[in-house]
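Since the structure comes first, as structure tokens, the remarks are kept for the end.
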Amino acid sequence: MNSSKSPGLAGFGALKNTTCHTEKKISVFFSIIFMTVGILSNSLAIVILLKAYQRFRQKSKASFLLLASGLVVTDLFGHLINGAIAVFVYASDKDWIRFNQSNILCSVFGICMVFFGLCPLFLGSVMAVERCIGVTKPIFHSTKMTSRHVKMMLTMVCLFAVLIALLPILRFRAYQIQASRTWCFYKTEHIEDWEDRFYLLLFSCLGFLALAISFLCNAVTGITLLRVKFKSQQRQGRSHHFEMIIQLLAIMCVSCICWSPFLVAMARIGINEGGSKETCETILFALRMATWNQILDPWVYILLRKAVLKNLYKITSGCCGVQVINLHMWELSSIKNSLKVAAISESPGSSKQINLQPLTSVGQ
């Protein structure tokens, strides 16, 4: 096919002899299920966030809610756009020659895959940093982390992700149809020069860097919370510690488990210059695992709240025969609690005899 060398069919010539085949019915089923569940989950999270933001608009929790809103909105549009394109490709029998003559669809698909892949990882790391600052430096957080600053951070994160996604287009490098002929991404086969390797390694390194920042900040936050818990004899912060530690563990586990296979696969392909033994099926499976991270994000960040944990605690205690006590502790705001206990531990004038009543204004 002489037309396979044209820009509109970038990468198609290399796919003619590919041995990668995907079952159409199963693939369409996965795409529709992922898209539907992702849209419903993130839509529910947005509704919850909007209600919570109206309650905490003037409090320190507003910064966390703004970042969480940016995360779930990004995930929502990622499922909506990428899912719609994937379903269209399957519905068209993956006939890229017919609907991708000018390579516009593949370019849009590739840009969306990179943007909606990196942006949630970046936002997750920013949320981890914000939470770490809120726990370790509550006074600085309450005075400097305003809604205006948070909106600026959201904008910068999105612009940076857009820049990374547009980089191949700016360098006149087209996104490539992948071996399964169901999605577009950086060139992963027949890599010709350092630039093709650079894009893959850049994507992987940025993804691993975001995960590393999240892990480091969450570890610092968790250690700080445990230290405050053991130092302070005040019982009212224990529910907050339990809630935060559960959320931090869930965030780290979900992000690392879902994204690591895909990032490792892209890094291996980039390092081995296309000579990697990663198969089409392996890459497709890793991509689906990464998609699950965007499905689970709203459940980890938003829906794993104190109300859910309280009910789980009741059920578990009832099943184990343990008496449920001190449930009034769950009525305190988690962000308010973090500021109180952290301010107690860090205040230069604090002592063992200090009580919580004078610090009520600090927690606000």
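The values are calculated or read from the model by the stated rules, or taken from the named source; none is laboratory data. Just so it is clear, the model here is predicted, and its values are computed rather than measured. Cβ sites come from the backbone with ideal geometry, for glycine too, and all protein chains shown count toward neighbours. Ligands, DNA and RNA are excluded from the accessible area calculation, which covers all protein heavy atoms including side chains. Shrake-Rupley method; radii C 1.70, N 1.55, O 1.52, S 1.80 Å.
Taking 30 Å as the cut-off for C-alpha to C-alpha distance, list the pairs among K144/K310; K151/K229; K151/K310; K94/K151; K137/K314; K51/K144 that go past it. Don't skip to the end; give the middle numbers.
Working: K144/K310 32 Å; K151/K229 32 Å; K151/K310 32 Å; K94/K151 40 Å; K137/K314 33 Å; K51/K144 24 Å.
Checking Cα-Cα distances, K144/K310; K151/K229; K151/K310; K94/K151; K137/K314 exceed 30 Å.
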A correct Karplus calculation of ³J(HN,Hα) over the range 179-186, with 6.51 cos²θ - 1.76 cosθ + 1.60, θ = phi - 60°, whole Hz and x for Gly and Pro, returns 4, 6, 6, 10, 7, 10, 7, 4
Sorted peptide list for 196-205, 92-101, criterion being average Cβ within 10 angstrom, highest first: 196-205, 92-101
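Of the heavy-atom accessible surface of the range 145-221 (probe 1.4 angstrom), what whole percent is carbon and sulfur? If you can, show how the numbers build up before the last one.
On the way: 2820 of 3850 Å².
Looking at the range 145-221 in its full context, I get 73 percent from C and S.
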At what distance in angstrom do the alpha carbon centres of the range 137-166 and the range 72-112 lie from each other? 29
Contact order normalised by length for the range 65-208, with contacts defined as Cα pairs under 8 Å and 6 or more residues apart; what percent is it? 32
Compute the distance in nm between two label points, each set 7 Å from the Cα along the Cα-to-Cβ direction, one at F230 and one at E192. 5.9
What length, rounded to one decimal in nm, is gained on full extension from L166 through to F99, with 0.36 nm per residue of separation minus their alpha-carbon distance? 21.9 nm
Round to a whole number: what % of the accessible area of the range 66-130 belongs to carbon and sulfur, probe 1.4 Å? 74
Mean projection of the alpha-carbon convex hull of the range 179-219 over all orientations, in nm²? 3.8
Label point distance in nm, N272-N311, each placed 7 Å from Cα along Cα→Cβ: 4.7
